[in-house]
Amino acid sequence: MILEVSDAAFSYDGERMIFEDISLTIGKNECLCILGPNGTGKSTLIKCLVGLMPLLHGSILLNGHEIGELSRADIAKQIAYVPQGHQVVFPFPVQEYVLMGRSPHISLFSSPGEEDRKIAEDAIDTVGITHLAKRPVSEISGGELQLVLIARALAQQPEVMILDEPTSHLDFGNQVRVLRLIEKLAHEGIAIIMSSHFPDHSFIIPQRVAIMKDCRFIAVGDADMVITPANLQRAYGIDVTVTHVEEVGRLICVPSACRQEK
Amino acid sequence: MKLNERARGLGVGISLFALVILVFFVSLFMGRYAIEPATVITILLSAVNDALPFSLVDIPQTWPDVMNTVILRIRLPRICAAMLVGAGLAVSGASFQGLFRNPLVSPSILGVAAGAGFGAALGILLSDSTVAVQFLAFVFGIISVTATYMLSRVYKTTTTTLVLVLSGIIVGAFFTALISLAKYVADPDEELPAIVFWLMGSLADVSTGDLFWVATTIIAGSIVLLLIRWRINILAMGEDEAKSLGVNTRMMTGVIIVSATFITAAAVCIAGLVGWVGLVVPHIARMLVGPDYKKILPVSIMIGAAYLLAVDDIARTLTTAEIPLGILTAIIGAPVFAYLLRFRKVGWE
C-alpha cells in the first residue's frame, strides 16, 4: 500500500465535521474515484490527503510514514496534486510551468538543470501537449490548462497522483481524453485518487469508486457494484438508471429524468 | 529555439550591465563643479591605486585636492547610494509581487515606508543628528512590518498572503496618521520643513560613513533573494499549489519578507520615501525577459540601479537647488511607463 487512510476526520472549528470515519487504501496501478454531491467534503478530503490540511483525528500513512510528520518536499516527491483550477497571474510558457513540478527534487538555492528539463519535456509528451510547450499558460484553453497541470504533477515523478475533479469544466471530448490519460497513468504504475461529479465516467475507465454522502463513505468497491440506482438515489436524491448499452459495450448511468410536458 | 532564448537573455543582461557602467561614469562626470572626464578617471585610478597594498603605477597628482573631495567624498558615495537604493527597491518590489501574486504590489505594501517615515519624523523632532534620524527610520520600518506580520497571525485563515496585505494596510494607515501627528506638533520653521523634505526623498546628505552599513544590508538581503529566486516562481503559483510542490511556504514567505523589509528599510532610511521604483522597475524587467523570476530579479537590480542613478543625476544637476528625488522618480517614471505600456507585453494577466 502506498497510501493508507484510517478513520480520518476533519473539522474547521472542532464542532461541525466536514468528514469523518473515512478509511481507504490505494496501491500501485490502482485508480480510486470519489463521488458525492456538492459540499460533502470531497475537496477537503483531497486537501488532507495531499497534506495541505491536518486531520482532526485518524491517520494518513504514506509508504508507512504519518503524513503530518513528513516535510513538504518529502510529501511532494511521493504525492502530486492536481488542483481543480488555477488562476493564472504570470503567463509562464507551458514548459516553464511544467518544470516547476521538479521543485521538490531541487535544493533550496538551485534551479532546474538539464535533467529536470528532460523530465518536464517527457511529462509534456506523455500528456500529449508537445505542441503547446512554448505557449504562455494565459493563452491556452481551460481543457489544455488541465492537461498542463497534469503534466506538472507528472514531472514530480510521484507515486500517487491526486486530482480534484479533473473532468469538471471540460468539454465533452476533453472529458474522455482526460479519463484516457488517467487510465494510461494508472497503467504505468501511478496510484490515482480523483474526485468527480460524473458517475458514468467510472464505467469508461476501470476504477474503484467511493461514494461520499453526509461526511462519510456510504459505499466503496468496484464501479459496477457501487454505482447502483439505490446508492445514487441516496447520494444525489434523484432517480438514476444504470443499464447496459449494446452499441457502447458497457454500463451507462443516466438520470431517469424526462422532459416535463405542460 | 532554446539556444535563442538563452542568447536573448544573455544579450539583455550584458546590455543592461553596460548601461549601468555607462550611467555610472556619466554620473561621475556630471556636477556643478566642472572636472574633465579624463581627470575624473585619473582620480579614480589613483584612488584605487592608493587603496591597494602595493603600488601598481605611480600616478602623480596634477589636480587640486578639492577635486579629490568632490569625486571621492561627494559624487562617488552619492552615486553608490543611488545605485544601491534603486537596486534594493526594485529587487524587493519584484519579490513581493511574486509572493503576493500581484503585479501592483510595491515594497512598502507591508507598511515599511509609513513606519520608516514616522521614525524619521520622530528623529527630526527629537534631535538634530542625521544618524538618529536614519536609525529611527530603519528601526520603525522594521517595527511596522513586524507589527503587520504579528497582526496577520491573529486571524486564523488559510489565505495568509491576503491577510498580510490587509494587515499591511492597517499598520500603514496607523503610521501615516502618526506622521501627520508628528507634522502637526512640529515646529513650523525648522522641523516641519525637515520632515516634509525627508518624506519627499533625497540623497543629498549621503556620506561615506552611512553607506557602509546600508550597503551591507542591501547587498546581503539581495543575495538571499537572488539565491531563492527560482522558488519565487513557485510561490507565485499560490499557497496551496506551492505547498503541494514541496515548498515550505511559511519559511519562504518569512525569508522573503525579512530580506525585502531590511533592504527597503535600509534604502528608505538614507534616501527618504522614494516611490515608484519598486513598483515599476519589475514591470520593465518582465517586459524584457518574461515572467521567470530567475531572470526578473537580476534584471530588476540592474534597471533599478541605472534608473535611480539617472534620476538622481537630474535631481542634483537640473537646477541650482536640489529637486526632491521622490518627486522626480514619478514625474519621469510615470510617462516612461505609460509609453512602455503601449507595447502590450506586460507579463501578467
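The HN-Hα couplings worked out from phi for segment A:218-229 by the Karplus form 6.51 cos²θ - 1.76 cosθ + 1.60 (θ = phi - 60°) are 9, 7, 9, x, 5, 3, 5, 8, 9, 7, 10, x Hz, whole numbers, x standing for Gly and Pro. Here segment A:153-262 is treated with +1 on each Lys and Arg Cβ and -1 on each Asp and Glu Cβ, and its dipole about the Cα centre works out to around 180 debye. Beyond 22 Å in Cα-Cα separation lie the following of the pairs A:K28/A:K77; A:K47/A:K77; A:K28/A:K213; A:K47/A:K184: A:K28/A:K213; A:K47/A:K184.
Each listed q (0.24, 0.27 Å⁻¹) maps to a log10 I(q)/I(0) for segment B:192-262, found by the Debye formula over equal Cα scatterers with no solvent: -1.02, -1.15. The GluC sites (Glu not before Pro) of segment A:1-37 that meet both conditions, a loop assignment by DSSP and at most 16 other Cβ atoms within 10 Å of the site Cβ, are A:E15. Subtracting the Cα-Cα distance of A:L56 and A:E246 from their residue separation scaled by 0.36 nm leaves 63.7 nm.
Compared with the direct C-alpha span, the chain from B:F135 to B:I59 gains 23.4 nm at full extension, assuming 0.36 nm per residue. Close amide H partners of A:T40, meaning residues 5 or more places away or on another chain with modelled amide H under 5 Å apart, do not exist here. With the largest listed first and rounded to whole Å, the semi-axes of the equivalent ellipsoid of chain A from the Cα gyration tensor are 31, 24, 16. Per residue of B:281-291, other chain Cβ atoms within 10 Å of the residue Cβ number 2 on average.
Each principal axis of the Cα cloud of segment B:190-349 was taken in turn, and the coordinate range along them, longest first, works out to 57, 38, 25 Å. Across chain A, C-alpha contacts under 8 Å between residues 6 or more apart give a mean separation that, scaled by the residue count, equals a relative contact order of 23 percent. Our summary gives chain B a relative contact order of 28 percent, counting only alpha carbon pairs under 8 angstrom and 6 or more residues apart. Per-residue ellipticity at 222 nm, computed for chain A from helices alone with -39500 (n - 2.57) per DSSP H run of at least four residues, works out to -8500 deg cm²/dmol. For the peptide B:225-231, the mean number of other protein chain Cβ atoms found within 10 angstrom of a residue's Cβ is 4.
Peptides A:148-158, A:250-260, A:69-79 ranked from most to least packed, by the mean per-residue count of other Cβ atoms within 10 Å: A:148-158, A:69-79, A:250-260. Note on segment A:1-92: Kirkwood hydrodynamic radius from all Cα pairs is 14.3 Å, rounded to one decimal.
One equal scatterer on each Cα of the protein assembly as shown, no solvent, Debye formula: the resulting log10 I(q)/I(0) at q = 0.05, 0.09 Å⁻¹ is -0.30, -0.81. Please label the shape of segment B:141-250 as rounded, prolate or oblate, based on the square roots a ≥ b ≥ c of the eigenvalues of the alpha-carbon gyration tensor (a/c under 1.5 means rounded; beyond that, a/b larger than b/c means prolate, else oblate). Oblate, because a/c is 1.5 or more while a/b does not exceed b/c. In chain B, the sites counted are trypsin sites (Lys or Arg not before Pro) in DSSP loop states with at most 16 other Cβ atoms within 10 Å, and the longest stretch holding none of them, exclusive of the sites, is B:157-341.
By the helix-only formula, in which each DSSP H run with n ≥ 4 contributes -39500 (n - 2.57) and the sum is divided by residues, chain B has a 222 nm mean residue ellipticity of -25000 deg cm²/dmol. For the residue pairs A:K42/B:K295; A:K42/B:K243; A:K118/B:K243, alpha carbon separations beyond 29 Å are given by A:K42/B:K295.
Computed over the Cα atoms of segment B:247-287, the ratio of the radius of gyration to the Kirkwood radius (Rg/Rh) comes to 1.08. Every Cα-Cα pair of chain B was included, and the share exceeding 30 Å stands at 39 percent. With the dipole of chain A worked out from charges on the C-beta (+1 for Lys and Arg, -1 for Asp and Glu) around the Cα centre, which of A:T25, A:V89, A:T241 lies farthest toward the positive end? Of A:T25, A:V89, A:T241, it is A:V89. Taking Cβ atoms as reference points and 14 Å as the exclusive limit, the residues near A:D222 contribute a net charge of 0, counting Lys and Arg as +1 and Asp and Glu as -1. A P(r) calculated from all alpha carbon pairs of segment B:36-114, with 5 Å bins opening at zero, reads 3, 13, 16, 14, 11, 8, 7, 9, 10, 6, 3, 0 percent. A cut-off of 5 Å between modelled amide H atoms, ignoring neighbours fewer than 5 places along the same chain, links A:M212 with A:L35, A:G36, A:I218.
With the charge dipole of segment B:83-341 set up from +1 on Lys and Arg Cβ and -1 on Asp and Glu Cβ about the Cα centre, the Cα lying farthest toward the positive end among the listed residues B:L125, B:V258, B:I218 is that of B:V258.
Can you work out the PRE-style zone for B:M287? Point 7 Å along Cα to Cβ, and I want the residues of segment B:304-344 with backbone N under 18 Å. What the label zone holds, given the 18 Å backbone N cut-off, is B:304-311, B:329-344.
Once the mean 1/r over all distinct Cα pairs of segment A:85-162 is inverted, what Kirkwood radius in angstroms do you read off? Here the Kirkwood hydrodynamic radius works out to 12.5 Å.
Give the distance, in whole Å, between the Cα centre of segment A:185-262 and the Cα centre of segment B:185-243. Rounded to whole Å, the Cα centres lie 58 Å apart.
None of the figures in this text is laboratory data; all of them are computed from the coordinates on show. Not measured: the values here are computed from a predicted model. Quick reminder, even Gly has a Cβ in these numbers, built from the backbone with ideal geometry, and neighbours come from all protein chains shown.
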